[in-house]
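Worksheet for the structure shown next.
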Amino acid sequence: MKFFIDTAKVEDIKKANDMGVICGVTTNPSLIAKEGRVFEEVIAEIASIVDGPISGEVKATTTDAEGMIEEGRAIAAIHPNMVVKIPMTPEGLKACKQLTKEGIKTNVTLVFTANQALLAARAGATYVSPFLGRLDDISVRGVDLIAEIAQIFDVAGIDTQIIAASVRNPIHVTDCALAGADIATVPYAVIEQMTKHPLTDAGIAKFQADYKAVFGE
Ligand code: E4P
């Protein structure tokens, strides 16, 4: 399983990219709004940092296929690495089909059932984004959805990639990897948590103490 970072915060993207662990970025309208900056500007800056797929979502206020297609073309024109993120609706599927036909990569988002994922794949989506954490929030096991989609795609020979989204903690990450997600898109705070273990810290402290006891500083 590969990692994308799920944020529009440029400093966090730089930190994760410097660590060498991410190969793509996902954003959404809420994450863009949180930064309070012009969409095209932030996306162009992100593209100058990460050399990999960058998902930019159509505006939350655009709900018809024509509007999404037009916006999708503009998003794709920002940088060759752009992926157009489209909500999982009948209009979204229509837009996905057209953009795919034009050679534009797509990420169908807000996927909460295996059938939604299957429809998105059949409409030509490059990626589907099942939202793990938001399902857990309503007492439905998000990881079961990831496993179902992975199994269906495998049986049907579908090459649409599964991005496990709405990842909230390191256990989610392990669960997604075991369930067969191709990618997990993870906030920086979770990447940082994943690096940590108290025995790692204790081990470093002991190595330092032992070394200093014989060789000094
Ligand atoms: C996915 O692409 C979304 O941007 C994101 O993972 C949503 O996460 P949230 O449910 O924590 O807002």
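Report note on the peptides 136-145, 190-199: ranked by the mean count of other C-beta atoms within 10 Å, highest first, their order is 136-145, 190-199. Pairwise inverse Cα distances across region 162-204, averaged and inverted, put the Kirkwood hydrodynamic radius at 11.1 Å. Against the chain, whose longest principal axis is taken from its Cα atoms, helix 65-78 shows a tilt of about 40°. To the nearest µm²/s, what D does Stokes-Einstein give for region 11-54 at 20 °C and 1.002 mPa s, using the Kirkwood radius over alpha carbon pairs as Rh? Value of D from the Cα-based Kirkwood radius: 198 µm²/s.
For region 147-184 versus region 1-53, the inter-centroid distance based on Cα atoms is 21 Å.
Compared with the dominant Cα axis of the chain, that is its longest principal axis, helix 10-19 is turned about 60°.
Near residue 88, the amide H atoms lying under 5 Å from its own belong to 109; only residues 5 or more places off or on other chains count, and H is placed 1.01 Å from N. Just from its helices, what would the mean residue ellipticity at 222 nm be for the chain, if runs of 4 or more DSSP H residues each count -39500 (n - 2.57) and the sum is divided by every residue, rounded to the nearest 500 deg cm²/dmol? So the calculated ellipticity at 222 nm is -16500 deg cm²/dmol. Work out the charge dipole of the chain with +1 on the Cβ of Lys and Arg and -1 on the Cβ of Asp and Glu about the Cα centre, then indicate which of 116, 49, 89 is farthest towards its positive end. Farthest along the dipole direction, towards plus: 116. Each pair of Cα atoms in region 1-93 enters the Kirkwood radius, and Stokes-Einstein at 25 °C and 0.890 mPa s then converts it into a translational diffusion coefficient of 183 µm²/s.
So which of 9/105; 15/196; 59/94; 34/94 end up more than 26 Å apart, counting from Cα to Cα? The pairs that break the limit, which is 26 Å between Cα atoms, are 34/94. Give the residues of region 159-192 whose amide nitrogen is closer than 19 Å to a point set 7 Å from the Cα of residue 2 in the direction of its Cβ. Hits in region 159-192 for residue 2 at 19 Å: 159-167, 173-174, 176-188, 191. The ellipsoid equivalent to the alpha-carbon distribution of the chain has semi-axes of 35, 21, 14 angstrom, derived from the gyration tensor eigenvalues as √(5λ) and listed largest first.
With contacts taken as Cα pairs under 8 Å and at least 6 residues apart, region 61-216 reaches a relative contact order of 15 percent. Between 52, 36, 92, the Gaussian network model of the chain with springs among Cα atoms under 10 angstrom shows the greatest mean-square fluctuation at 36. For the chain, modelled as a GNM with alpha-carbon contacts under 10 angstrom, which of 50, 186, 108 fluctuates the most? It is 50. For 105, 94, the sequence from fewest to most other C-beta atoms within 10 Å is 94, 105.
Grouping the Cα pair distances of region 94-205 into 5 Å bins from zero gives a pair-distance distribution of 2, 13, 21, 20, 16, 11, 7, 4, 3, 2, 1, 0 percent in increasing distance order. For residue 161, the residues whose modelled amide H falls within less than 5 Å of its own, excluding neighbours fewer than 5 places apart on the same chain, are 127, 128.
Just so you know, all these numbers are worked out from the coordinates, no wet-lab data involved. Remember, it's a predicted structure, so these values are computed and weren't measured experimentally. Neighbour counts run over all protein chains shown; Cβ positions are idealised from the backbone, glycine included.
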